[in-house]
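Notes follow once the structure below has been shown.
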Amino acid sequence: DKALKTAMVFSQTCNQYIQQKEPWKKPAETTIYLAINACATLAIVLWPFLPFSTEKLFDLFNLDKKKQNWKSISKLVIKPGHKLKKPEILFKKVEV
C-alpha cells in the first residue's frame, strides 16, 4: 500500500513538472529527456503492480526488461540518442 502510494506521489510530481515546463509549446529537450527517464523509473517501481503494462513500456522504450531492476531506479537509463519505438496506448479508457 505504501509503496504504491509513494509511486503515485512520484508520478504526480513528474506530471506537475511536465505541466509547468509545457514542452508542447516550445522545444524542451531536457524536459522530455527527464520525463522519459521518469517513466522508465516508474515502470521499474510499478512492475510488481502492473507487470504487463510495464513490460509494454520497456518494449516501447527499447529497454531490456532483464536489465531493469531496483539498482537502476536512480539512474537515467535512457541516454540521448536512444531510439524509442512508435508510441502506443498502454491503457484503454474505461467507459462508465
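Odds and ends about this structure:
- For the chain, size of Cβ-based charge dipole, Lys and Arg +1, Asp and Glu -1, in debye: 220 debye
- Correct option for Cα extents along the principal axes in Å [calculated from the coordinates] among (1) 48, 25, 20; (2) 36, 36, 26; (3) 43, 30, 25: (2)
- Using a Förster distance of 22 Å, the FRET efficiency for Lys21-Val96 (Cβ separation, nearest 0.05): 0.10
- Solvent-accessible ranking of Cys14, Cys39, largest area first, probe 1.4 Å: Cys39, Cys14
- Available extension along the chain between Asn69 and Lys85 is 3.6 nm, counting 0.36 nm per residue and deducting the alpha carbon span.
- Couplings for segment 56-63, taken from phi via the Karplus curve 6.51 cos²θ - 1.76 cosθ + 1.60 with θ = phi - 60°, read 4, 5, 4, 5, 4, 8, 6, 10 Hz in order; Gly and Pro are left as x.
- Among Thr41, Gly81, Trp70 the positive-end extreme of the charge dipole of the chain (Cβ point charges): Gly81
- When the solvent-accessible area of the chain is split by element, carbon and sulfur atoms take up 62 percent of it, the probe being 1.4 Å.
- Rounded to whole Hz, the Karplus (6.51, -1.76, 1.60) HN-Hα couplings of segment 84-89, x for glycine and proline: 9, 7, 4, x, 9, 6
- The residues of the chain present an accessible area of 78 Å² per residue when probed at 1.4 Å with all protein chains retained.
The values are calculated or read from the model by the stated rules, or taken from the named source; none is laboratory data. Just so we're clear, the structure is a prediction, and the values are computed from it rather than from any experiment. Using ideal geometry, Cβ is built from the backbone for each residue, glycine included, and neighbour counts are taken over all protein chains shown. The area values use the complete protein model at the heavy-atom level, side chains included, leaving out ligands, DNA and RNA. Shrake-Rupley method; radii C 1.70, N 1.55, O 1.52, S 1.80 Å.
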